[in-house]
Amino acid sequence: MDLQEIQNKLNTLLAGTERKIVFWYDDDAAYAEDIPNLVLAEGNKIWQLNDHNWFETKLLLEERDTESNYLVYAPFARPEDKENSLVDIFYYSEHFYTDKLVQLMGDLSIPAECQDEMKKYKKFWNATNTTKFQNLQITDYTSEKLALGVMCVLAGIKTVSFEELMKKIVLAGMDDNAILKKFATNKIDKVFWQLCEIQYGYKDTTPTILKFMVTMIVTYTDTLADGNIPKEWKTFLSGKQNDDVVFVKNLMNNEESKAVYDDIADVIARELNARKLMKNIPLENIVACDSFALFDENIIDWIISKIEDNMLDEKITGLTIPEICEVRTKLCYHYADKYRINYLMLYNAFHLIKGVSLRSYKPQLKDVVEDYVESTYMIDTYYRKFYYFMDQIGMGENVEKIKELVENIYTNKYLTDFVCKWNQALTDELYNTCPDMRQEDFYETYVKPFRREDGRDGKVIVIISDGMRYECARELLDNLDLDEKCDAKISHMLSVLPSETTLGMASLLPHKEIVVDENLDVTVDGMHCGNSMAERQKILQTAIPRSACYDFDQVMNAKKDEIRQMLQDKDVVYIYQNQIDGRGESSRSENEVFYACQEAIEEIQALIRRITGYVSATRYLITADHGFIYKRDKLQESDKISMDKAQISVVNKRYLLSADRVQNDAVISRALTYLSKLNNVYVTTPIGADIIKTKGGGQNYVHGGSSLQEMIVPVIKVKTFTGKQDTGMVNVELSSFTSKITSIEVRLDFMQMEPVSDTRKPRRLVAFFVDAKGNKISYDVPLIANVRDTDARKRVMNEKFTLKSGKYSRNEDYFLVLADMDNERVEHHRYKFEIDIVDML
């Protein structure tokens, strides 16, 4: 900048009717020799500072000459305020700079009043940083905005947002934070901590990110706990509650930061002695908190203690134990994913125990079967699901207590009781005359009519899952019901006895006569039928020439053209799955049988989709050869029936085959004449859920006996549809009547308008408030609309929102936005709100 330009700028600054003082700190004394040559307008004086005339300068400007305009020139950098005796005059005066920053300010349209801020961050203004700063497109400059812009560039943030800046800094780590090091190098660290105080109420003489997060998380916890936090934590509270809540919640919800939040919260929990002090927080407050994992651990411990003490009707804030489990697995709770398995395990334990206490055995055989297939089967499902989730958690001390209780109630109060009463009622006469569909009639009752349904011949694919008991099939049915290309219905059959694979598989084939000898050698219409797929296919093709039998994995792993070749020109196809029985019958893997059940369910649904897509097959029957009994605990000697087996031809853990009726109080013998008058063999099964003592491993997973779990065989009839189906997602709407907000916290109701079905899929939304410019003024609230219940009351979601601090005007528009969770740019609904809140700053 040449001397003439300097003179012009100085005269402009000194112009006007009021007295002016202009300070010019020339860091490098670049213009010291030019000062005597400056020509200022009349009435404007020059005063030069040096190391010795500070007091004299102050006396001159404030006492001796209070009328004249002065340029105060200092050939050195401006000292720190605490070392500057002229600081008070400096701040009410004008300031002049002659270096490149002045030119830069002009280029960026930064006003003169921001010169001091520009000067503070002299090291920052290199070409790269300047370009990034310019790309922020800041308007309406203030000293705070300019400093925030500098910090955002140093942190790599592309928008001017202190919240985003804070998140990035937190992600950079509690110790050795690279961003804070950049702030210190550029002498903007003090300003950063000042902004933390302004925005979030955090103030500390020795500030750190860890202590900042302590304030944030404690304040968040205090808000959710209605102020009922330990007194030892109160000292960390901030006065900016709502902004702290919004920041913490967004940190929790963001995919990039939620894992970091977990690590920070764990450290802070230890620092705050949370495990001990949280005992002072009432449970009704803890159930609403999600700041620490310890809160979920505390709730889980409480649930376990209530279940263990048989206090199943206990509640917290009106919520029952299963309701608490459901609530705490909602996505609005931060640790929902982490503890989801724990809550699902306890949910199933609760319903099993409660269900057993409410169940009673029906007096009539027909009523027993109807009751089982309508509702009682769920006890077996709860048992299966309990272990399925428990095995994923591992055996802790508390889990072991619940496991022992579940095992005892399921085995002794349900399984043993029901099996004994069932077998006492199931006499030869009643078994032979039972009005329920019999497994040996499967082909004639299901396959044959299904081929000719709708007045035309069609291909029928029969999927036989070895060991899939009725309760597993009900879960498969639920899954198929949600597939828009499937129409599925379930029924049941009473299995053959013994309820084992060789005889069960034979009974599912087309036949006129099945003969079984005392060695379990089975013939169907004179053809041998063992466990060979080739033998089964021969029998099937004798009755239906255009047919075939395949292994499930063979079809599942085949390519598209291979599947088409397998199924083309076939009227009936039998596909055999051995996921459940294959895993259960091995002593090394029998405890994985419930995993196998889940895999079998998923695999069958996947195979149906695959075949339908490849060959347009539309008719399926899913059934099983038998069910099973599974008990987790190692069997005691008292659970095993000892008996003389000298006259027994076939000895199995759940059945015996013999030429004569077996006499023993612990077992019951039935004649196999129900299959054919040629069968002179007797099948003997335990009256209870015990096993017959015999050699060989694998005692927890058994079948072949005469329990409901082994004998009630499912049949799912499925029709599939090709081509595009008319489907959509469920609609979600705001159902609260208010459109006015008068508090920083507001609860709103949302209604899932339709139940989830095969044609109405679940919807994942996120809800948040924005101002008229689209800036978010609340944290995101996830809305998962996945309820299948037809009762509208059970499809209501009540959610809480917290607004940021700010100036809200009744004359401005604000909106509640419901957007797609995976893409917020796709809006589902937008509702206009009025915000009328006093003292939000």
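Laboratory data are not the source of any read-out in this text; all were calculated from the coordinates shown. Keep in mind it's a predicted model, so treat the numbers as computed, not measured. Glycine also receives a Cβ, built like all others from the backbone with ideal geometry; neighbour counts cover every protein chain displayed.
Using only DSSP helix segments of four residues or longer, with each worth -39500 (n - 2.57), what per-residue ellipticity at 222 nm results for the chain after dividing by its residue count and rounding to 500?
Theoretical 222 nm ellipticity from helices: -11000 deg cm²/dmol.
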Exercise. Once all Cα-Cα distances of segment 664-705 are split into 10 Å bins that start at 0, what whole-number percent is in each one?
Worked result: 24, 43, 28, 4
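Where Lys and Arg each count +1 and Asp and Glu each count -1, what net charge lies around LEU61 among other residues with Cβ under 12 Å from its Cβ?
Working: positive: ARG19, LYS20, LYS45, LYS58, ARG64; negative: GLU56, GLU62, GLU63, ASP65, GLU67, ASP88.
Within the 12 Å Cβ shell, the charges total -1.
Considering only Cα-Cα distances, which of the following residue pairs are longer than 21 Å: LYS258/LYS338; LYS330/LYS807; LYS231/LYS258?
Values: LYS258/LYS338 12 Å; LYS330/LYS807 32 Å; LYS231/LYS258 28 Å.
Beyond 21 Å: LYS330/LYS807; LYS231/LYS258.
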Exercise. Rounded to a whole number, what is D in µm²/s for the chain from Stokes-Einstein with the Kirkwood radius over alpha-carbon pairs (20 °C, 1.002 mPa s)?
Worked result: 64
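Can you tell me the order of 84-90, 350-356, 47-53, 381-387 when each peptide is scored by its average per-residue count of other Cβ atoms within 10 angstrom, highest first?
On the way: 84-90: 15.0, 350-356: 22.0, 47-53: 12.4, 381-387: 23.9.
Output ranking for 84-90, 350-356, 47-53, 381-387: 381-387, 350-356, 84-90, 47-53.
What number does segment 767-841 give for Rg over Rh if you use C-alpha atoms and the Kirkwood radius?
Working: Rg = 14.4 Å, Rh = 13.9 Å.
Using Cα coordinates only, the ratio equals 1.03.
What percent do you get for the relative contact order of the chain when only Cα pairs under 8 Å and 6+ apart count? Could you put the intermediate results ahead of the total?
Values: 1393 pairs, mean separation 76.0, N = 841.
In percent, rounded to a whole number, it is 9.
Distances longer than 19 Å among the Cα atoms of segment 582-719: what percent of all pairs is that?
Values: 5695 of 9453 pairs.
Above the 19 Å cut-off, segment 582-719 has 60 percent of its Cα pairs.
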Exercise. Nearest 0.05, what FRET efficiency do ASN228 and ILE784 give at R0 = 30 Å with Cβ-Cβ as r?
Worked result: 0.55
Seminar exercise, completed: Quick calc of log₁₀ I(q)/I(0), segment 701-796, Debye, one scatterer on every Cα, no solvent, q values 0.18, 0.19, 0.24 1/Å, result -0.96, -1.01, -1.24
Problem set entry | Per-q log10 I(q)/I(0), segment 496-539, q = 0.20 Å⁻¹ (Debye; single scatterer per alpha-carbon; no solvent) | -0.52
For this session: Name the residues whose placed amide hydrogens come within less than 5 Å of the amide hydrogen of ASN69, ignoring near sequence neighbours (fewer than 5 apart) on the same chain.
Result: LYS20, LYS45
Exercise. Residue-wise, which Karplus ³J(HN,Hα) couplings in Hz belong to segment 582-595, taking 6.51 cos²θ - 1.76 cosθ + 1.60, θ = phi - 60°, and x for glycine or proline?
Worked result: x, 7, x, 7, 9, 4, 7, 10, 5, 6, 9, 4, 6, 5
Seminar exercise, completed: Per the Cα gyration tensor, segment 379-447 corresponds to an equivalent ellipsoid with semi-axes, largest first in Å, of 36, 18, 6
Exercise. Taking the Cα-to-Cβ direction at TYR91 and at GLU164 and moving 7 Å from each Cα, how far apart do the two end points lie in nm?
Worked result: 3.3
Exercise. From the phi of every residue in segment 504-519, what ³J(HN,Hα) in whole Hz does the Karplus formula 6.51 cos²θ - 1.76 cosθ + 1.60 yield, where θ is phi - 60° and glycine or proline is x?
Worked result: x, 5, 5, 5, 7, 7, x, 6, 10, 8, 10, 10, 10, 9, 5, 9
Exercise. Once you treat every alpha carbon in segment 191-327 as an equal point and sum by Debye, what is log10 I(q)/I(0) at q = 0.11, 0.13, 0.21 Å⁻¹?
Worked result: -0.43, -0.59, -1.30
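So, R0 is 25 Å and r is the distance between the beta-carbons of SER739 and ASN775; what FRET efficiency does that work out to, to 0.05? Write out the running numbers ahead of the final one.
Details: r = 20 Å, r/R0 = 0.79.
The computed FRET efficiency comes out at 0.80.
Write down Rg/Rh for segment 533-629, rounded to two decimals, with Rg from the C-alpha atoms and Rh from the Kirkwood relation over Cα pairs. Walk me through the numbers on the way to the answer.
Details: Rg = 14.6 Å, Rh = 14.6 Å.
Reported Rg/Rh, Kirkwood definition of Rh: 1.00.
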For this session: Can you tell me which of 570-578, 178-186, 792-800 comes out highest on packing, and rank the rest after it, using the mean Cβ neighbours within 10 Å?
Result: 570-578, 178-186, 792-800
Exercise. Which whole number in µm²/s is D for segment 280-382 by Stokes-Einstein, with the Kirkwood Rh taken over Cα pairs at 20 °C and 1.002 mPa s?
Worked result: 143
Exercise. Along segment 170-179, what does the Karplus equation 6.51 cos²θ - 1.76 cosθ + 1.60 (θ = phi - 60°) give for ³J(HN,Hα), rounded to whole Hz, x for Gly and Pro?
Worked result: 4, 5, 6, x, 6, 10, 6, 6, 4, 5
Problem set entry | Sequence-distant residues sharing a close amide H with ILE741 (under 5 Å, placed H) | GLU834, ILE835, ASP836
Exercise. Taking amide H positions as placed 1.01 Å from N in the peptide plane, with prolines and chain starts having none, which residues 5 or more places from GLY704, or on another chain, fall under 5 Å of its amide H?
Worked result: SER499
Exercise. Which percent of the Cα-Cα distances in segment 1-80 go past 16 Å?
Worked result: 51
Exercise. Under a Cβ-Cβ cut-off of 14 Å, what is the net charge of the residues other than ASP367 that fall near it, where Lys and Arg count +1 and Asp and Glu count -1?
Worked result: 0
Problem set entry | Separation of alpha-carbon centers, segment 415-442 and segment 167-239, rounded to whole Å | 69
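Taking R0 as 22 Å, what's the FRET efficiency between HIS52 and ASP81 from their Cβ-Cβ distance, rounded to 0.05? Provide the component values of the computation, followed by the final result.
Values: r = 20 Å, r/R0 = 0.93.
Plugging the Cβ-Cβ distance into 1/(1 + (r/R0)^6) gives 0.60.
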